[in-house]
Amino acid sequence: MSAATTRSRTQRTPRTPDRLCAEAVGLARAAAEEAAAPGVVGEHVDVVVEGDRVVTHLFECKEPGYRGWRWAVTVARASRAKVVTLDETVLLPGSDALLAPEWVPWSERLRPGDMGPGDLLPTDAEDLRLEPGYSGEDEPPPNSILSEEMAERVEAEDAEVTAGPPAEFTVAPARGSLASIADELGLRRARVLSRYGLHTAADRWEEGFGPKTPMAQAAPAPCVSCGFLVPIGGSLGQAFGVCANEFGPADGHVVSLAYGCGGHSEAAVMPKPPRPAPPVLDETRVDVLPLRPAPDSGSVTPAAGVGEDLGHS
């Protein structure tokens, strides 16, 4: 039999715990109760062999919020010694333990709508959604992350809040440079949306008010032909606009030109009130109208001699 076969069989065979170490349940319980709060160490659960003359005693944890956890007390015995000594005491999760969720960085936990008044959200210096907003012979190329001027003033991961408005701490660009001219014209922005930022914004807007939403599927016509659509500038204006219908579900929101709702300006035009027909004159018939009422037209029969023509009206 080869040495490899012997070693493989030895590894598959479970080791027998040391008798004295396995019997030291009282020592292990006393160590667990000393490390834990009173009354949280439960029944003895198992004995795990760690090595030659080294075992770990597992006790049930009754601490609220630690379901499935175990108090693990490791004891050991020196070779040819009769005394078992304490190695360590720890609280370990079991196979069905209740564990805390995996830690997620704040930048990945943040969701739209989480920011409130006074909150500060620093952007990463290498944010793929942004790119430099101006370039020239004295500025970095469009695909660079930040100019040296901005890199010296900002580090997104370790941003610090300074007192006063940011305008008071802006470093003026060199006189005569393209940056100074853009600053005077009010066109200077350190960074603008990159192509990736434009695509992610378009996908996000289409998900909320796009052609695949149930409202758009049931709409009589798309927003591109609606009078309440307010166009926007830039490349996104070719696919999006702002709804200005106060009764529509997307009022004040950016909507896709293929979106639609029942409030379309041309979907249901109110009809005009009907005009009465002009009067019809029949000139072929003569209506005889008496100048005086007939004597017997009243409800009382006239007396004799009353009603004679007296020669006046």
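What follows draws every value from the coordinates through simple rules; no lab data is involved. Bear in mind that the values here come from a model prediction, so they are computed numbers and not experimental data. Neighbour counts run over all protein chains shown; Cβ positions are idealised from the backbone, glycine included.
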Going through segment 194-256, which trypsin sites (Lys or Arg not before Pro) have at most 13 other Cβ atoms within 10 Å and a DSSP loop state? K212
Whole Å is fine, so just give me how far the alpha carbon centre of segment 79-116 lies from that of segment 186-252. 46
With the cut-off at 1.5 for a/c, could you classify segment 205-290 from its C-alpha gyration tensor as rounded, prolate or oblate? prolate
Highest average packing first - 37-50, 276-289, Cβ atoms within 10 Å: 37-50, 276-289
In a shell of Cβ-Cβ distance under 15 Å around P214, excluding P214 itself, what net charge do Lys and Arg (+1) and Asp and Glu (-1) give? -1
